[in-house]
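This report concerns only the one structure given below.
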Amino acid sequence: MLQNVGIVGFGAYIPANRLPVKEVAEFWGKEPKNIEKSLGVIEKAIPDEDEDAVTMGVEAGLAALKMGKVPPEKLEAIYVGSESHPYAVNPSATIIGEALGVGRNYLAADLEFACKAATAGMENLAGLLEADLINYGMVIGSDASQAKPHDALEYTVGAGAAAFILSRKKEKFLVQILDFASYSSDTPDFWRRDGIPYPSHQGRFSGKPAYFVHVTSAAKKLLEKNKMKPADFSYCVFHMPNGKFPLEAALTLGFEKKQLEPGLIVGQIGNPYSASSLLGLCSVLEVAKPNDLIFLTSYGSGAGADSFILKTTKLLNTARKRVSGIKEYLNNRREISYSKYLRLTNKIL
Amino acid sequence: MNSISPVKIWRHQKETSLLLEKEGKIVSWTLVRVPPFGYERQAPYPVVLVELKIGKRMIGQLVDWQENDLKTGRQVKTVYRRIRQPDPEGVIPYGIKFKPI
Amino acid sequence: MKISVLGVGTTKFGELWEVSPRALVKEAVSEALSDANLKLSDIEALYVGNMLSGILGKQENLGALFAEELGIDIPAFKVEGACASGGLAVHNAINSILAGVYRTVLVVGVEKMTDHNPGEVVSALMGAGHDEERLAGMTFPGLYAMLARSYIEKYKTKKEDLAAVAVKNHYHATLNPKAQFQFKVSLDQVLASPSVAEPLRLLDCSPISDGASAIIIAKVNPPAGGQKATRRKNVYITASTVATDTLSLAGRKDLTSLTSAVKAAGKAYKMAGIEPGNIDVAEVHDCFSIAEIIACEDLSFFPKGKAASEIAKGKTTLGQGRPVVNPSGGLKACGHPVGATGVKQIAEIATQLRGEAGLRQVKGAKVGLTHNVGGSGAVAAIHILKNE
């Protein structure tokens, strides 16, 4: 069990453009209803031409600082997890750090692990905090990923960012991080080679041997270690590549649909990769009550899963009112056509 | 002709953090339909002259806009965006744009 | 102040694919020398007005370049102030004469814009603005569109009145053989032209042009034997003023006026000992229709907010009103080779005051004014001319 790790502020950002699954399906001559049903996704968030993982990370970071009332100079570490870092070499963490006004006295690193890069960052921060090496750190999960036209991923790849400020200052905890566990292996279910614009995947291979094995193994390991069971939790959040996988994982582990629903936002925004499970967490934190236990498990292809046990405090309710929440972002939507999507994502040269 | 110097971007980005999360209102605006070199992808785009509450006036693009946002007096806030698409090998210029609130 | 205009020469303005910058200057200068009945050896200094030779043509050092081209090795200088380069070159030349350093000076304004693709030209012209404006993806039409918006919202100007400027200037240009456009346009055509930067349309905007204009000035009455056989009125410059304002629109106090022009004009009227009402003919900087409207108010031809409707009623049209504004066709219809404009404006007014403007002659013109602006109003140069 961790003693000194908690979340003192968090923020979300979701771009306003929405590409309906219907638009994509009709463009490729497919039946929209079938796809919406099988994927559990109605529309996905698409960034504007001038947005990227860094700009969205800045917006989420600003919200987290505002909620936590943390002066940016107090951040001593920034981790940014993404699979669409704007540069192959040049850290998103320092560009974001500069924009947030963090100063110079911080550790910065970019992480990559498909959709779980940011939760890996969270584990790293937990280590630094528990070891009393830092007092405040920020982790951001942000992605503005691309999908190959006519690929199955075109229906689900979305965009968004979530930022969390972790600290040792118990008196400021909005949520305490009690423990975490990880499960990793070399499993090539989904990958993207350097210089290639779109990811590749191995179809149904990314199901059972990939997502499900890792998610359930990490989850079971953590539950057993802490001698807890699904019924102990008010909420569970799982990485959401589509609307089906997280529900299946939840039920397999023994959670109920009602524990999952408040965090299940994939139907409206698609899968924003490194921000997926963290935005699900933001969504839950907007409705959670004091002393609620939350079970969070992310998944990253390649593959691995990070599981966390979190507990809310009574400070959460006041703090979360300070910034725009997931609900506002979900309502701030602007439907776009497939041709507009091609233009915004620079597929038309 | 048009790649922006990384040093210029660096000097400019130092000021950016001071201008984020600032509110203001539109003093004048236009919708640029014939863009200059480097901005073709974004056109048409609105450019606004904003008076920030902190007393400073600035010119920048308006993002996340609808037609009825294009009016004098409209409340806006500063946001962080790519200034324009960078050259394939160049440093990415980030900076301040405005969003209706 | 009394600086004589001894001779003027202007090339055709337009898309002059076959004419190089050197050839443009040679042509304008030889016309001016011939008009002044002078030789190159009479010239003691050369001032060149130009904005874009470096950024577009990769050529600087224009003073030396054109001195060589003309076959003289006199002191030569380039003066740059965006679209006011020509007016500023004249101002500097005048000062050198007033200071007693040179006696007879040649001023040439020249610009070659059509060698380059329009996107590059639009971008290069924004060198006259502020970095923040460039980063925002602003263009010159965009900057003046913002001024237009403020003006229209303040004074409830009708869009037909805005469009009337182009109609008038195109009409004037049909009477000027050197003008780029030799056709009239109607209000409907202007209003139907494609939108460039709202609310400005294509026909509200001056074109991309090539051209050169030259004047020869001196602080004496025309030298004996230096006049043409026919008796011709002497024309002289009696005021030359410059004022500056902030580079960016964001720094301006008033978005319905160009304070630099107001200041320079105020100083100029005083220097010349006249009132705005004394002006018979004026060449103003109509880079965009709104610019002419604002100019007429900045120059006190009309009260604030009234210029658009007065122009639309013909109060500045040849044969109808007074002062006649832009008898050459202005920047809109005569063309706007940026560095040349300020000099051409003086050449046009001199021609008018001599009574040599042919079909576009403003009858009985005695006092004229030129208004040359750089950027969105960052600098303005005003000249007042009289005849005797």
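Just so you know, all these numbers are worked out from the coordinates, no wet-lab data involved. For clarity, every value in this text was computed on a predicted model and none was experimentally measured. Every residue, glycine as well, gets a Cβ built from its backbone with ideal geometry; the counts of neighbours run over all protein chains shown.
Maximal additional length on extending the A:ARG193-A:LYS289 stretch stands at 30.2 nm, based on 0.36 nm per residue less the C-alpha distance. Under 5 Å between amide hydrogens, built in the peptide plane, is the criterion, and for C:ALA197 it picks out B:ARG33 among residues at least 5 positions away or on other chains. By DSSP, the beta bridges lying fully in chain A are antiparallel in about 70 percent of cases.
Just so you know, the Rg over Rh for chain A is 0.94, from Cα atoms, with Rh as the Kirkwood radius. Between the Cα long axis of helix B:6-19 and the first principal axis of chain B there is an angle of about 20°, rounded to the nearest 10. Taking other Cβ atoms within 10 Å as a rough exposure proxy, C:ASP254, C:ASP245, C:ASP210, C:ASP286 sort from fewest to most as C:ASP254, C:ASP245, C:ASP210, C:ASP286.
The modelled label-to-label distance between C:SER30 and A:TYR87, using points 7 Å beyond Cα along the C-beta direction, is 5.7 nm. Axis angle, to the nearest 10 degrees, between helix C:259-272 and the longest C-alpha principal axis of chain C: 40 degrees. FRET efficiency for the pair A:LYS208 and A:ALA152, taken as 1/(1 + (r/R0)^6) with r the Cβ-Cβ distance and R0 = 22 Å, rounds to 0.85. Ellipticity at 222 nm from helices only: DSSP H runs of n ≥ 4 in chain B, each -39500 (n - 2.57), divided by the residue count, give -4500 deg cm²/dmol. Candidate cross-link partners of A:LYS311 among the lysines, defined by an alpha-carbon separation under 16 Å and a same-chain spacing of 8 or more, comprise A:LYS169, A:LYS170, A:LYS172, A:LYS227, A:LYS229, A:LYS289. Here chain C yields Rg over Rh of 0.94, to two decimals, using C-alpha coordinates and the Kirkwood radius. Extents of the range B:6-100, taken as max minus min of Cα coordinates on every principal axis and listed largest first, are 39, 30, 17 Å.
Computed over the range A:177-317, the quotient of the alpha carbon radius of gyration and 2.2 N^0.38 Å is 1.03.
The separation of the range B:12-42 from the range A:234-284, counted between C-alpha centres, amounts to 37 Å. Give the calculated FRET efficiency between C:SER300 and A:GLU73 to the nearest 0.05, with a Förster radius of 56 Å applied to their Cβ-Cβ distance. Working from the Cβ atoms, E equals 0.55.
Against the main long axis of the alpha-carbon atoms of chain C, helix C:159-173 sits at an angle near 30°. By the count of other C-beta atoms within 10 Å, a proxy for reagent exposure, B:MET58, A:MET67, A:MET1 are ordered fewest to most as A:MET1, B:MET58, A:MET67.
Given C:LYS184/C:LYS233; C:LYS12/C:LYS363; A:LYS327/B:LYS8, which pairs have Cα atoms separated by over 27 Å? Check vs 27 Å cut-off fails for C:LYS184/C:LYS233; A:LYS327/B:LYS8.
Set the Cα radius of gyration of the protein assembly as shown against 2.2 N^0.38 Å, with N its number of residues, and you get 1.18. Within straight-line reach of C:LYS78, meaning a Cα separation under 13 Å, sit the following aspartates and glutamates at least 8 residues removed in sequence or on another chain: C:GLU60, C:GLU111. Between the beta carbons of A:GLU248 and A:ASN332, assuming R0 = 25 Å, the FRET efficiency works out to 0.25 to the nearest 0.05. Modelled spin-label separation between B:LYS77 and A:LYS37, with each label point placed 7 Å from Cα along the Cα-to-Cβ direction: 4.2 nm. Could you tell me which of the pairs A:LYS22/A:LYS116; B:LYS56/C:LYS253; C:LYS154/C:LYS253 are separated by over 21 angstrom between their Cα atoms in the structure shown? The answer is A:LYS22/A:LYS116. Once the Cα-Cα distance is subtracted from the 0.36 nm per residue extended length, the A:ALA231 to A:GLU26 segment shows a gain of 69.6 nm. The modelled label-to-label distance between A:LEU2 and A:SER185, using points 7 Å beyond Cα along the C-beta direction, is 2.6 nm.
Estimated from helical segments only, the mean residue ellipticity of chain A at 222 nm is -9000 deg cm²/dmol, where each DSSP H run of four or more residues counts as -39500 (n - 2.57).
Amide H to amide H distances under 5 Å link B:TYR45 with B:VAL32, where only residues 5 or more positions off or on other chains count and H is placed in the peptide plane. Computed over the range C:273-388, the range of Cα coordinates on each principal axis works out to 34, 30, 30 Å, biggest value leading.
Put in order of Cβ neighbour count within 10 Å, fewest first, the listed residues C:PHE302, A:PHE308 become C:PHE302, A:PHE308. For the range A:301-342, the Cβ-based charge dipole about the Cα centre amounts to some 320 debye (Lys, Arg positive; Asp, Glu negative; other atoms uncharged).
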